[in-house]
Amino acid sequence: MQQAIAVLDSGVGGLTVVREVMRQLPREKILYFGDTARTPYGPRPAEEVVRFTREIVDYLTQYQPKMIVIACNTATAVALDDIRSRVRIPVVGVINPGARAAIGRTKTGRIGVIGTEGTIKSGAYEQALRRLSPHIEVVSKSCPHFVTLVEDGNFRSVETFETVSTSLLGLRATPIDCLILGCTHYPFLSETISEVMGPNVSLISSAEETAREISTILHENNRLAGNEELPIHQFFCSGDSKKFRHIAQQWLGEQIRLTPVVWHVPHIGA
Ligand code: DGL
């Protein structure tokens with residue numbers, strides 16, 4: 001049986017990475033876990049996000065994947081090293097790929113980053129950007145309401161436009177030429193974000209660069225899928241499966257095989 005790439009997020013956000021992996025690596029089988037029962041991760045303490053990430057990784061490793069992709073910036077910021085130390089397969093996060101993509105795109109060296117409270121508080125993007133280019137100017141802003149809009153499937157309403165324009169008011173006054181969508185949920189809102197930021201600001205999603213990194217690592221380890229039949233992907237979600245299925249099928253443009261998961265461990269604020 002083909003070994004899969006396991007991808008995880010707090011909800012539907014990681015599907016933005018999945019879509020790009022499907023496009024770049026159509027032969028790879030994907031196992032996806034969206035922790036919709038416990039989304040959002042952004043406002044939670046770092047230790048709780050680490051614990052949730054470990055639980056999902058433990059769940060997914062039952063299926064013996066060949067790689068783990070933490071397709072959640074909040075979890076990447078606080079749990080990447082921890083997960084790497086616990087498993088023997090490659091673990092990829094989304095922050096370094098996002099930072100690389102932005103450095104490749106900026107012309108002025110002024111980059112904006114938006115993300116959850118957890119990601120922005122961690123300073124992980126600033127660090128990743130400065131490691132790549134020490135003199136880069138970075139302006140960061142957390143956008144705590146965006147994840148809920150996306151989880152509700154509310155991508156293009158008047159309410160969404162108002163929330164996005166209010167949240168990005170300060171950033172619009174800065175001379176950035178690139179804006180990193182530092183939360184995998186945000187590409188769902190990219191049309192609105194782009195309308196608000198205007199044509200002179202390029203939006204950077206880490207999805208494309210993350211898929212490239214996945215491809216490179218699999219290639220280097222000689223683990224790319226061969227010419228087997230096209231894979232059947234498997235999705236898991238811990239919350240409302242009807243809502244998850246609707247958003248996933250709309251975003252991926254195909255029917256999905258979805259298994260609801262009920263956590264048997266105490267979690268919320270425990
Ligand atoms: N999509 C996730 C991220 O990239 C998590 C958002 C959340 O649950 O707050 O940060």
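Scanning residues 5 or more positions from H233 or on other chains, those with amide H under 5 Å from its amide H are I30, with H placed 1.01 Å from N in the peptide plane.
In summary, the aspartates and glutamates within cross-link reach of K141, defined as a Cα separation below 13 angstrom excluding same-chain residues under 8 places away, comprise E117, E126. Entry note, the chain: the mean residue ellipticity at 222 nm calculated from DSSP H runs of n ≥ 4, each adding -39500 (n - 2.57), is -13000 deg cm²/dmol after division by the residues and rounding to the nearest 500. Quarter the surface of the alpha carbon convex hull of segment 142-270 and you get the mean projected area, 11.6 square nanometres. Among T106, L8, L31, whose Cα sits farthest toward the positive end of the charge dipole of segment 1-107 (+1 at Cβ of Lys/Arg, -1 at Cβ of Asp/Glu, about the Cα centre)? Working it through, the farthest residue towards the positive pole turns out to be T106.
Amide H contacts of V113 (H built 1.01 Å from N, in plane; Pro and chain starts excluded): V139, S140, K141, I180 sit under 5 Å, all sequence-distant by 5 or more or on other chains. Loop exposure criterion: trypsin sites (Lys or Arg not before Pro), DSSP state outside H, G, I, E and B, at most 16 other Cβ atoms within 10 Å. Applied to the chain, the longest stretch between such sites is 157-222. Packing-based ranking of 3-14, 229-240 yields 3-14, 229-240, ordered from highest to lowest mean Cβ neighbour count within 10 Å. Normalising the average separation of contacting C-alpha pairs (under 8 angstrom, six or more residues apart) by the number of residues puts the relative contact order of segment 1-117 at 29 percent. Relative contact order for the chain: 26 percent, from Cα pairs under 8 Å spaced at least 6 residues apart, divided by residue count. The residue list Y186, G198, T163 was ranked by how far each Cα lies along the charge dipole of segment 160-222 toward its positive end, using unit charges on Cβ atoms, and T163 comes out on top. A straight Cα-to-Cα reach below 23 Å connects K66 with the lysines K29, residues fewer than 8 places away in its own chain not being considered.
Computed from the coordinates by the stated procedures, all read-outs in this text should not be read as laboratory data. These numbers come from a predicted model, not from an experiment. Positions of Cβ are backbone-derived with ideal geometry, glycine not excepted, and every protein chain shown enters the neighbour counts.
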